[in-house]
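Written out below as structure tokens is the structure these notes cover.
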2 protein chains.
Amino acid sequence: MAKSSEVLHATQVDAVRLGGLETSIGLHLRLAQLRAYDRFFDAFQGVDLRPGEYSVLWLIHQNPGVRQGQLAERLEIKAAQMTKMIRRFEDQGHVRRVIPDEDRRAVCLFLTEGGSAFTLRHRDAFFGHDTHNHHGLSDAEVGQLIQLLTKYTTPTKGTGQ
Amino acid sequence: MAKSSEVLHATQVDAVRLGGLETSIGLHLRLAQLRAYDRFFDAFQGVDLRPGEYSVLWLIHQNPGVRQGQLAERLEIKAAQMTKMIRRFEDQGHVRRVIPDEDRRAVCLFLTEGGSAFTLRHRDAFFGHDTHNHHGLSDAEVGQLIQLLTKYTTPTKGTGQ
DNA sequence: CAATAGCAGTTTCCGCGTAAAGTATTTTCT
DNA sequence: AGAAAATACTTTACGCGGAAACTGCTATTG
């Protein structure tokens, strides 16, 4: 019965005619990103953290004193969203905000001791789920995929074809 | 001055040490999807439509009478979200909902005349932005990218790695 | 054929992500 | 130096997207 329902299930999905949508990069990107999310949450079960949040913690760990705006720009997170995220991290005791004397508009970010421990504790969960064990893709394929995504994201202006 | 600020700008972004994040598929997928969104909105200037919404209209156009659940499953849109989207389309006069006698729980979807015209009118904007003119990627690269994304999204279970 | 389980879709509630406006500080221009 | 512009972030308001609970209909089961 499980089998027959699965077959029926597959039949229904395949029954939808895509009419050209099957070659839509946008749709494939969406579906791929949903998988990436699933895998992240599998690796971070019960931790209540999102991929973007771990990325921010990791970058602060790698760049102590980095400014919010630099992280926002690099990760293409909007400034408003970054403010809220950092506020949450501050409330959780993971991140410390420092207003530098050199420019009192800016905010420099540091991990607390607890935040650093947290970040390192989940390092393998994050990079393991994403950098290694790429769920069916060989290392070469991962390299190719990243290269193609980068090319799609950053159209070559000067050196391009 | 524009030039010097651009240089400074680039310097700041490059100053962020990624520490392994540069090979994160998840991050690259996010950045690529943001570009796909940008390009869609460029192509649909002033139309107030999102990629997922056009996809749904297109699939209804290709599959008159298709059920909400089938679209939701194929596009991995949650049922709750699909309900709201279809409601909006109905309010705009693009889509007609029909409860079939064969199963009065279900909802079958049809484009109205206006909805069909709307969908066809923007067909090139959608497929042009996404299927052709892939912003720096050759046709072969697009094929490769889609193949890799598909493989990432749907890990081969039976045939193994 | 009534009771139970399952299904298709809807409603409610909540949080994230964004745009736009606001605040405080620094830089530029004259 | 003082006015204007730019910068770095914050606040506010709003819509989308998701989880969970709910409604109404259909299929199963004893």
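The values are calculated or read from the model by the stated rules, or taken from the named source; none is laboratory data. The structure presented is a predicted model; accordingly, all values stated were derived computationally and were not measured. Cβ: placed from backbone, ideal geometry, glycine included. Neighbour counts: every protein chain shown. Only protein heavy atoms, including side chains, enter the accessible area calculation; ligands, DNA and RNA are left aside. Shrake-Rupley method; radii C 1.70, N 1.55, O 1.52, S 1.80 Å.
Restricting the range A:67-78 to residues that are more than 7 Å from chain B (Cβ to nearest Cβ) and surrounded by fewer than 16 Cβ atoms within 10 Å (Cβ to Cβ) leaves a set whose member that is farthest from DNA strand C (Cβ to nearest atom) is A:GLY69.
Taking the range A:88-106 as the range and being over 17 Å from A:PRO64 (Cα atoms) and of a type in the set (Lys, Arg) as the test, the residues that pass are A:ARG88, A:ARG104, A:ARG105. Quickly run through the range B:56-66 and pick out the residues that are surrounded by 19 or more Cβ atoms within 10 Å (Cβ to Cβ) and among the polar types (S, T, N, Q). Passing the criteria: only B:ASN63.
I'd like the full set of residues that are within 8 Å of chain B (Cβ to nearest Cβ) and more than 17 Å from the chain's Cα centre (by Cα), limited to the range A:57-66. Show your work before the answer.
Kept after step one, since they are within 8 Å of chain B (Cβ to nearest Cβ), are these residues of the range A:57-66: A:58-59, A:61-63, A:66.
Scanning the range A:57-66 gives A:ASN63, A:VAL66.
Scanning the range B:121-138 for residues that are closer than 15 Å to A:PRO155 by Cα and modelled with pLDDT of 80 or more gives B:GLY136, B:LEU137, B:SER138.
Within the range A:16-25, work out how many residues are part of a helix (DSSP H, G or I) and surrounded by 15 or more Cβ atoms within 10 Å (Cβ to Cβ).
Filtering the range A:16-25 down to residues part of a helix (DSSP H, G or I) leaves A:21-23, A:25.
Right, trim to surrounded by 15 or more Cβ atoms within 10 Å (Cβ to Cβ) and you get A:21, A:23, A:25.
So the count comes out to 3.
Taking first residues from the range B:135-154 that are within 7 Å of chain A (Cβ to nearest Cβ) and touching a residue at least 60 places away in the same chain (Cβ under 8 Å) and partners that are surrounded by fewer than 15 Cβ atoms within 10 Å (Cβ to Cβ) and not in a helix (DSSP H, G or I), the Cβ contacts under 7 Å between residues at least 6 apart in sequence or on separate chains come to B:HIS135/A:PRO155. Do we have A:HIS28 as in contact with a Ser or Thr (Cβ under 6 Å, 6 or more places away or on another chain) and either under 27 Å from B:THR154 (Cβ atoms) or buried (at least 18 other Cβ atoms within 10 Å of the Cβ) (or both) here? Taking the combined requirement at face value, the residue does not satisfy it. The one condition from (1) away from chain B (no Cβ under 14 Å); (2) open to solvent by 50 Å² or more (accessible area, probe 1.4 Å); (3) within 28 Å of A:THR154 (Cα to Cα) that A:MET85 does not meet is (2).
Checking each residue in the range A:35-82 for being of a type in the set (D, E, K, R) and within 25 Å of B:THR154 (Cα to Cα) picks out A:ARG35, A:ASP38, A:ARG39, A:ASP42, A:ARG50.
So that you can scan it fast, the table gives a plain yes or no per residue for (1) modelled with pLDDT of 70 or more; (2) within 25 Å of the chain's Cα centre (by Cα); (3) closer than 17 Å to A:ILE77 by Cβ; (4) assigned to a helix (DSSP H, G or I):
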{"site": "B:THR11", "(1), (2), (3), (4)": "no, no, no, yes"}
{"site": "B:LEU31", "(1), (2), (3), (4)": "yes, yes, yes, yes"}
{"site": "B:LEU34", "(1), (2), (3), (4)": "yes, yes, yes, yes"}
{"site": "B:PHE41", "(1), (2), (3), (4)": "yes, yes, no, yes"}
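Among the residues of the range B:108-117, those that are open to solvent by 20 Å² or more (accessible area, probe 1.4 Å) and either assigned to a helix (DSSP H, G or I) or at pLDDT below 95 (or both) comprise B:GLU113, B:GLY114, B:SER116, B:ALA117. Being under 22 Å from B:ASP14 (Cβ atoms), free of Cβ contacts under 8 Å to residues at least 24 places away in the same chain, within 14 Å of DNA strand D (Cβ to nearest atom) and open to solvent by 20 Å² or more (accessible area, probe 1.4 Å) is the requirement here; does A:ASP103 meet it? So A:ASP103 fits the description; yes.
Only one entry of A:PHE89, A:PHE118, A:PHE110 meets the criterion of being within 16 Å of DNA strand C (Cβ to nearest atom) and in contact (Cβ under 8 Å) with a residue 12 or more places away in the chain, and that entry is A:PHE89. Of all residues in the range B:45-66, which are of a type in the set (A, V, I, L, M, F, W, C), away from DNA strand C (no atom under 14 Å from the Cβ) and closer than 16 Å to A:LEU27 by Cβ? Of everything in the range B:45-66, those that are of a type in the set (A, V, I, L, M, F, W, C), away from DNA strand C (no atom under 14 Å from the Cβ) and closer than 16 Å to A:LEU27 by Cβ turn out to be B:LEU49, B:LEU57, B:TRP58.
This table checks each residue for (1) among the small types (Gly, Ala, Ser); (2) assigned to a loop (DSSP other than H, G, I, E, B); (3) in contact with a helix residue (DSSP H, G or I) (Cβ under 9 Å, 6 or more places away or on another chain); (4) at pLDDT 95 or above.
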{"position": "B:ILE60", "(1), (2), (3), (4)": "no, no, yes, yes"}
{"position": "B:ILE86", "(1), (2), (3), (4)": "no, no, yes, yes"}
{"position": "B:ASP91", "(1), (2), (3), (4)": "no, no, no, no"}
{"position": "B:GLU102", "(1), (2), (3), (4)": "no, yes, no, no"}
{"position": "B:THR119", "(1), (2), (3), (4)": "no, no, yes, yes"}
{"position": "B:ALA140", "(1), (2), (3), (4)": "yes, no, no, no"}
